[in-house]
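Undergrad: Got a structure here, written out as structure tokens. Questions coming.
Each value in this text was obtained by applying a stated rule to the coordinates, not by laboratory testing. In this text, all values refer to a predicted model and were calculated from it rather than measured experimentally. As a convention, Cβ positions derive from the backbone with ideal geometry for all residues, glycine included, and neighbour counts pool all protein chains shown.
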Amino acid sequence: MATILLCLLLLGLFWFAAWAWLSALLAVGTAGTLSRLDVRVRDLAARLDDMFIPVSAGTVRAIILSLVALGGLLGFLLPSAAGEFERYSIEQAVELNRAGNYEGALSALSSYGSSDSALAHNEMGVAYLATGNLDLAEKEFLRAADLAPTYAKAQANLATVYDLRGDSQKQAFAQSRAKAVERFAIPEEALYPPEESLFAQLPLRVLSGLVLGFAFWRIPGLAVRLMRRRRARKFEAQLADGLVMASNGLRAGFSLLQALDLTAQKSQAPLSQEFGLVLKEHRLGADLNDALTHLAERVPSADSRIFTNSVTILRETGGNLTEIFDTLAETIQERKRVMKKIRAMTAEGETQAYFLAALPPVLGIILYQLDPDSISLFFTTFGGWIMLAVMAVMEVAGLGLMLRIVKVKV
């Protein structure tokens, strides 16, 4: 009783948390403030605009809502996959029994002892009968006959069990019943588990729908973050050559703005885009220091911050920009060389980490080739899919931990 009350309490807390999250997501503040959805839409649109990817707020909103709806729909339909797994396992058990692999058939149906499929219990009875376990075989045949009273094959198999036991009275009764029900054709679909409606297992469906909906809600932010990080790395790779070009322009007698304009014209994106935007902001009336600060905010990297801080300080205190640019370019190039050396030294550890992470899948493939009946249970049963999901999470966590160990902080 206490366990039931605890489960009901946890379920109630979950529904309250889900309701509160959805309300906070869509509700508009009392003072006219934006909802959480609107705030996220504007934030993602602004980040994409900073990366020179013009996307309207309406498009971002449509993408987010579509992903959340897709995740909720997939989560709502996910419990239905258990029925498909059971059907596949039953068909596999039928083939294994025909091939004489009775242990494999029992393994395929091991998770469906309480199934509502007459065919599943009949095939388990056949496997038990072939392995000499008459008591379990009788139990399974009786269960199959109870689920489908007109299932003649289950009655005939039950008669075989009674024959092996020497119980002639029960054998005769089972044989006569098998002949009597042979006249009634039973649909093949009636032997499989009944299909569940969309409203079956409703709490589980809603739970999985909310979990996947929230997971898909996070996808756009993660995608934009990865794009921003990749763009920042590309900017860092181009900055050293851009600083050398700007330094040569200063030596030729150009002003700082002219040198940055020359670099923007001769360089490739994203360096040309960022320098060009700095110049546009300055031409529209913004101070050059503020424009450079905006550059460091759009491209969050150590090199961009060093560059903007150096230019800002030298413009206020005075100094030789040419030497500073040369020094910065040399420092960036030297750090690249050091990073390449570090990657070469840690390459062995990273390779070992990848080999260890690849070992379980490779062993799984090898074992599947040696014993496909046993390994196929991982992807033909609901419990097997759960185990595969747990193993995938542990694989990713282990690989991340090993890479973190061999990584050198600079």
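Undergrad: Between Glu330 and Ser301, what is the FRET efficiency for a Förster distance of 22 Å, r being their Cβ-Cβ separation, to the nearest 0.05? Let's see the in-between values first.
TA: Numbers: r = 18 Å, r/R0 = 0.80.
E(calc), rounded to 0.05, equals 0.80.
Undergrad: Sort 129-138, 150-159, 180-189 for me by packing, meaning the mean count of neighbouring Cβ atoms within 10 Å per residue, highest on top. Spell out each step's value before the answer.
TA: Details: 129-138: 16.1, 150-159: 22.3, 180-189: 11.2.
Those peptides, ordered most packed to least, come out 150-159, 129-138, 180-189.
Undergrad: For a 20 Å ceiling on Cα separation, which of these pairs sit above it: Lys266/Lys336; Lys336/Lys407; Lys139/Lys170? Intermediate values should be presented prior to the final figure.
TA: Working: Lys266/Lys336 22 Å; Lys336/Lys407 16 Å; Lys139/Lys170 14 Å.
Distance filter (> 20 Å) returns Lys266/Lys336.
Undergrad: On the first, second and third principal axes, largest extent first, how far apart are the outermost C-alpha atoms of the chain in Å?
TA: Computed over the chain, the largest-to-smallest principal extents equal 113, 58, 42 Å.
Undergrad: Find how much the distance from Asp290 to Phe184 grows on full extension, using 0.36 nm per residue of separation minus their present alpha carbon separation; answer in nm with one decimal.
TA: 29.5 nm
Undergrad: Could you calculate the contour length gain from Asp135 to Leu65, that is, 0.36 nm times the residue separation minus the distance between their Cα atoms, to one decimal place in nm? Don't skip to the answer; put the middle values down first.
TA: On the way: separation 70, 0.36 × 70 = 25.20 nm, distance 5.61 nm.
Length difference between fully extended and current span is 19.6 nm.
Undergrad: Can you find, among Gln171, Phe184, Ser110, the residue sitting farthest towards the positive end of the charge dipole of segment 104-194, where Lys and Arg contribute +1 and Asp and Glu -1 at Cβ?
TA: Farthest along the dipole direction, towards plus: Gln171.
Undergrad: Leaving out same-chain residues fewer than 8 places away, which aspartates and glutamates sit with a Cα under 17 Å from that of Lys341?
TA: Partners within reach: Glu330, Glu350.
Undergrad: Right, next: Could you estimate the translational diffusion coefficient of segment 71-181 from the Stokes-Einstein equation, with Rh from the Kirkwood formula over C-alpha pairs, at 10 °C and 1.306 mPa s, in whole µm²/s?
TA: Details: Rh = 14.6 Å.
Taking Rh from Cα pairs, D becomes 109 µm²/s.
Undergrad: Show me the ranking of peptides 218-224, 306-312 by mean Cβ neighbours inside 10 Å, starting with the highest. Numbers along the way, then the final one.
TA: Values: 218-224: 14.3, 306-312: 18.6.
Output ranking for 218-224, 306-312: 306-312, 218-224.
Undergrad: Please name which of Gly71, Leu314, Leu48 has its Cα lying farthest along the dipole of the chain towards the positive end, using unit charges on Cβ (Lys, Arg +1; Asp, Glu -1) and the Cα centre as origin.
TA: Leu314
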